[in-house]
Amino acid sequence: TYKGIIDCKAERKYSISNDHFNRMTVEDSGYIPAYNANFFMYIANGFGTNFVRNLRNIENKCNIKGCGITAQDLLYLLEVSRDNNLSNESLLRLFTIGRVINISDINELL
């Protein structure tokens, strides 16, 4: 019932470059408007100091929330979701947190 844009980056300190910002947000042709997404997510090995600021710039332009998550924490989320019945609504709340998701955020779902 929800649509999301999930972008994986092979970087240690991903921060959302201007080019990546434009690919997500350009009216009609950007990923978020083109797919009418309910959330967007970046997966990386780690995030740079400007990541949250740049994430909020996308949120403000597209009027939807997003997040970042490390690959390691995403694996943890997948593991705990096998043993727990996580609702689509609780996952949407997590994926629209507006910052980098951490283990304690995931544990709050349980």
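The values are calculated or read from the model by the stated rules, or taken from the named source; none is laboratory data. Nothing here was measured: the structure is a model prediction, and the numbers come from that model. Positions of Cβ are backbone-derived with ideal geometry, glycine not excepted, and every protein chain shown enters the neighbour counts. Keep in mind that these areas ignore ligands, DNA and RNA; they rest on the heavy atoms of the full protein, side chains included. Shrake-Rupley method; radii C 1.70, N 1.55, O 1.52, S 1.80 Å.
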Those helices of the chain passing the 15 Å axial Cα length cut-off and the mean Kyte-Doolittle cut-off of 0.0 (DSSP H runs only) are 71-83
Return, ordered by residue number, the residues of region 89-103 whose backbone nitrogen is under 19 Å from a label point located 7 Å along Cα→Cβ of GLN72. 100-103
What lysines sit close enough to LYS61 to cross-link, taking a C-alpha to C-alpha distance under 19 Å and skipping anything fewer than 8 places away on the same chain? LYS3
Dipole of the chain, positive end: most advanced residue of ILE101, VAL52, ASN84 [Cβ charges, Cα centre]: VAL52
State the answer as a single residue: which of HIS20, ILE69, PRO33 lies farthest towards the positive end of the charge dipole of the chain, with beta carbon charges of +1 for Lys and Arg and -1 for Asp and Glu, about the Cα centre. HIS20
Quick shape check on the chain: root eigenvalues a ≥ b ≥ c of the Cα gyration tensor, a/c under 1.5 is rounded, otherwise prolate if a/b tops b/c, else oblate, and it reads oblate
So for the chain: antiparallel DSSP bridges make up what percent, rounded to the nearest 5? 0
Can you sort ASP28, ASP105, ASP19 by 1.4 Å-probe accessible area, starting with the largest? ASP28, ASP19, ASP105
Taking only protein heavy atoms into account and a 1.4 Å probe, give the accessible area per residue of the chain in Å². 60
Pairs of alpha-carbon atoms within less than 8 angstrom and 6+ residues apart define the contacts here; what relative contact order does the chain have, in percent? 27
Share of region 1-107's accessible area from carbon and sulfur, percent, 1.4 Å? 46
For region 85-106 and region 20-58, what is the separation of their C-alpha centers, rounded to whole Å? 17
Heavy-atom accessible area order for TYR35, TYR42, largest first, 1.4 Å probe: TYR35, TYR42
Dipole magnitude of the chain about its Cα centre (Cβ charges: Lys, Arg +1; Asp, Glu -1), debye to nearest 20: 260
Roughly speaking, what is the stretch gain from ASN85 to SER17, that is 0.36 nm per residue apart minus the C-alpha to C-alpha distance, in nm to one decimal? 20.9 nm
Collect residues whose amide H, placed 1.01 Å from N in the peptide plane, falls under 5 Å from the amide H of VAL100; neighbours closer than 5 in sequence don't count. GLY68
